[in-house]
Amino acid sequence: MKAKLPSFIEIYRQLIAIPTVSSLDSTLDQSNETLINLLAGWFYDLGFSVKVQPVPGTRHKFNMLARTGNSVGGLLLSGHTDTVSFDDKHWSHDPFTLTEYDNKLYGLGTADMKGFFAFVLDMLCDVDISKFSKPLYILATADEETTMAGAKYFSETANIYPDCAIIGEPTSLKPTRAHKGYMSYVIRIQGQSGHSSNPAHGVNAIELMYEAINHLMQLRNILRERYRHDGFSIPYPTINFGHIHGGDAANRICACCELHMDIRPLPGMMLKDLEGLLNEFLAPISVRWPGRLTVTSLHPMIPSYECPASHEIVTLVETLLGTPTKIVNYCTEAPFIQTICPTLVLGPGSIKQAHQPDEFIDTAFISPTLELISQIVQYFCR
């Protein structure tokens, strides 16, 4: 006889109470071990086989995989356990205390997306998993908000073969089947300082960066002309120049200039090929000024992702919800999970609440989410 779990709200409360901030800043970054162990215990009590996986290259982070049965096929439900950092001065409530007010549940991770596990656990309390003919997998990952190291490592080491997967990101229960990728870089020009009264006695890094940006704008135009996916509201790959800094005084030749930029590729574009194009278009600067231009990644690259519109998981969810799947511009763990099986992004709560002070999920999502997850699990696992 399986153990009785806490109520839905109490599960939610315990998940939110455990800090799991993911940050590139080591002073803010936190381990997710306590939360992973809590989830592992609950799924074990429900009769699942559970494995906890350390994630290499992280600050004491873990994945968890819970599963039923030993056959192939079935369904994978996936979510990340980390949250973004926060500034409590902008919060009206304690970020780590689940606060119920005006038909909303407030707290860090209520929507994005620790709360998803409360829905899964509560649904499973009323299900006899021993009667499943195909496996149900539950994956909890680490560091989605920064490097996606958890999902990436899991995809490289997984030995499971589900028919399909759902990632429970907050999509307002509107299914998403594709998104762009993400690449970000620092372009750095090392010049030579000198007195501004004689520019010939120095190498002005701002002027070289001006030339580099002109080359990058040519690349941007070529990408716009060469690639297109009409499913996106912006149907071509984009390049954005997000931050630039150089120099320190009007009467001094600028010795260093940095540009931070990103590229958002379409599904089907190879990231290494795109990175090669970036270096190719900057090559004239490097040839003319050897050793003065460097290109460094800001973050690990995130591939684009697309689930075939004709796949069974797409047609099932569209039928259950009476709405077509959509395509979005933000990134998720889907491209990594997609290497294991066809994947949809679908979950309760609004993406508009993600990464915001006073993050919340509307309680109107509770009943339809529990019903939807139950229907999908029954379809793929019975």
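Descriptive notes on the structure:
- Selected residue (only one of PRO300, PRO324 is in a loop (DSSP other than H, G, I, E, B), open to solvent by 50 Å² or more (accessible area, probe 1.4 Å), at pLDDT below 95 and at negative phi): PRO300
- Considering residues of segment 303-321 that are of a type in the set (Val, Ile, Thr) and surrounded by fewer than 14 Cβ atoms within 10 Å (Cβ to Cβ) only, the residue farthest from the chain's Cα centre (by Cα): THR319
- Restricted to segment 72-99, and to residues there that are hydroxyl-bearing (Ser, Thr, Tyr) and open to solvent by 50 Å² or more (accessible area, probe 1.4 Å), the residue that is farthest from THR141 (Cα to Cα) is SER92.
- Enumeration of residues in segment 155-208 that are buried (at least 19 other Cβ atoms within 10 Å of the Cβ) and either small (Gly, Ala, Ser) or free of Cβ contacts under 8 Å to residues at least 24 places away in the same chain (or both): ALA158, ALA165, GLY168, ALA178, GLY181, GLY191, ALA205
- Within segment 42-57, residues that are without any contact (Cβ under 8 Å) to a residue 40 or more places away in the chain and under 22 Å from THR147 (Cβ atoms) have Cβ atoms under 9 Å from residues that are surrounded by 15 or more Cβ atoms within 10 Å (Cβ to Cβ) and of a type in the set (Gly, Ala, Ser) in these pairs: LYS51/ALA40; LYS51/ALA66; VAL52/ALA40, counting only partners at least 6 apart in sequence or on another chain.
- Some residue of segment 362-374 being open to solvent by less than 10 Å² (accessible area, probe 1.4 Å), of a type in the set (Asp, Glu) and under 26 Å from GLY69 (Cα atoms): no
- Candidate set: segment 337-361, residues that are hydroxyl-bearing (Ser, Thr, Tyr) and closer than 16 Å to THR141 by Cβ; chosen: the one least open to solvent (accessible area, probe 1.4 Å): THR343
- Condition broken by GLY247, with the remaining ones in (1) touching a Pro at 6+ places or on another chain (Cβ under 8 Å); (2) at positive phi satisfied: (1)
Residue-wise test of (1) of a type in the set (A, V, I, L, M); (2) touching a helix residue (DSSP H, G or I) at 6+ places or on another chain (Cβ under 8 Å).
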| site | (1), (2) |
| --- | --- |
| VAL295 | yes, yes |
| HIS299 | no, no |
| ILE340 | yes, yes |
| VAL345 | yes, yes |
| PRO348 | no, yes |
| ILE361 | yes, yes |
| SER367 | no, no |
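- When LEU219 is tested against (1) surrounded by fewer than 21 Cβ atoms within 10 Å (Cβ to Cβ); (2) within 22 Å of the chain's Cα centre (by Cα); (3) on the phi < 0 side of the Ramachandran plot; (4) not charged (D, E, K, R), exactly one condition is not met: (2).
- Any hit, segment 283-292, residues being aromatic (Phe, Trp, Tyr), assigned to a helix (DSSP H, G or I) and in contact (Cβ under 8 Å) with a residue 40 or more places away in the chain: no
- Number of positions in segment 1-45 that are among the acidic types (Asp, Glu) and closer than 27 Å to TYR101 by Cα: 1
- Residues satisfying the stated conditions in segment 1-24, i.e. modelled with pLDDT under 95 and touching a Ser or Thr at 6+ places or on another chain (Cβ under 8 Å): LEU24
- Total residues in segment 19-46 satisfying the condition of being within 17 Å of the chain's Cα centre (by Cα) and not hydrophobic (A, V, I, L, M, F, W, C): the figure is 5.
- Of all positions in segment 112-121, none carries a residue that is in contact (Cβ under 8 Å) with a residue 12 or more places away in the chain, open to solvent by 30 Å² or more (accessible area, probe 1.4 Å), in a loop (DSSP other than H, G, I, E, B) and out of contact with any Phe, Trp or Tyr (no Cβ under 9 Å at 6 or more places or on another chain).
- Residues in segment 25-52 that are open to solvent by 60 Å² or more (accessible area, probe 1.4 Å), over 20 Å from CYS125 (Cβ atoms) and of a type in the set (Gly, Ala, Ser): SER26 alone.
- Going through (1) farther than 23 Å from PRO170 by Cα; (2) touching a residue at least 12 places away in the same chain (Cβ under 8 Å); (3) not small (Gly, Ala, Ser) one by one, TRP91 falls short only on (1).
- Residues of segment 351-364 that are outside any helix (DSSP H, G or I) and over 15 Å from the mean Cα position of the chain (by Cα): GLN356, PRO357, ASP358, GLU359, PHE360, ILE361, ASP362.
The values are calculated or read from the model by the stated rules, or taken from the named source; none is laboratory data. All values reported here derive from a predicted model rather than from experimental measurement. Here Cβ is always computed from backbone atoms with ideal geometry, including for glycine, and neighbour counts include all displayed protein chains. The protein model used for the area step is the full one, side chains on, heavy atoms only, and it has no ligands, DNA or RNA in it. Shrake-Rupley method; radii C 1.70, N 1.55, O 1.52, S 1.80 Å.
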